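Participant: To start, I am sharing the structure in question, which I have written as C-alpha cells.
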Amino acid sequence: MVKADVGIDIDVRRCIGSGQCVLIAPDIFTQSPVEGTVRLLIGPPLPRHRLRTVEEAVAQCPVGALNTWLKTDRDGSEQS
Ligand code: SF4
C-alpha cells in the first residue's frame, strides 16, 4: 500500500490577503491578524482526505501563492 503525505508550499510574499483559501478551508488556512497574509492552522503534512479541498484553495488563489505536493513512501518521489 502506498501512503502519501499532502504538503503545501506558501509564498507569503505573493499573498495579497484576499481570503479565498480561508473561505474554502477555514480549518486549514487562516490569515495573520496583522498583515492579513495566509497562515496554516495544521500541517504540513495535511490530511490526505482534504486533498481536493486544498487543491480547490490552490486553484482559487488569485496570485498563485499556494502549491500542493504529494510525497509517497514507495519511492519518495514528489509530484505537483
Ligand atoms: S487565496 Fe491566496 S492571496 Fe488570498 S489569502 Fe489565500 S494565499 Fe493569500
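The values are calculated or read from the model by the stated rules, or taken from the named source; none is laboratory data. Computed from a prediction, not measured in an experiment: that's the story for all the values here. Here the Cβ is made from the backbone with ideal geometry for all residues, glycine too, and neighbour counts use every protein chain on show.
Participant: So V58 passes all but one of these: (1) outside any strand (DSSP E or B); (2) β-branched (V, I, T); (3) in contact with a helix residue (DSSP H, G or I) (Cβ under 7 Å, 6 or more places away or on another chain). Which condition number does it fail?
Facilitator: The one condition V58 does not meet is (3).
Participant: Kindly establish whether T72 is polar (S, T, N, Q) and within 14 Å of the chain's Cα centre (by Cα).
Facilitator: No; evaluated as a whole, the condition is false for this residue.
Participant: Out of V6, V22, V34, which single residue is more than 14 Å from N67 (Cβ to Cβ), aliphatic (A, V, I, L, M) and either away from the ligand (no atom under 15 Å from the Cβ) or in contact with a strand residue (DSSP E or B) (Cβ under 6 Å, 6 or more places away or on another chain) (or both)?
Facilitator: Only one candidate passes the filter, namely V22.
Participant: Does at least one position in region 66-78 carry a residue that is within 11 Å of the ligand (Cβ to nearest atom), modelled with pLDDT of 90 or more and surrounded by 11 or more Cβ atoms within 10 Å (Cβ to Cβ)?
Facilitator: yes
Participant: Hey, another quick one. Kindly evaluate T53 against the criterion of being part of a helix (DSSP H, G or I) and under 13 Å from the mean Cα position of the chain (by Cα).
Facilitator: yes
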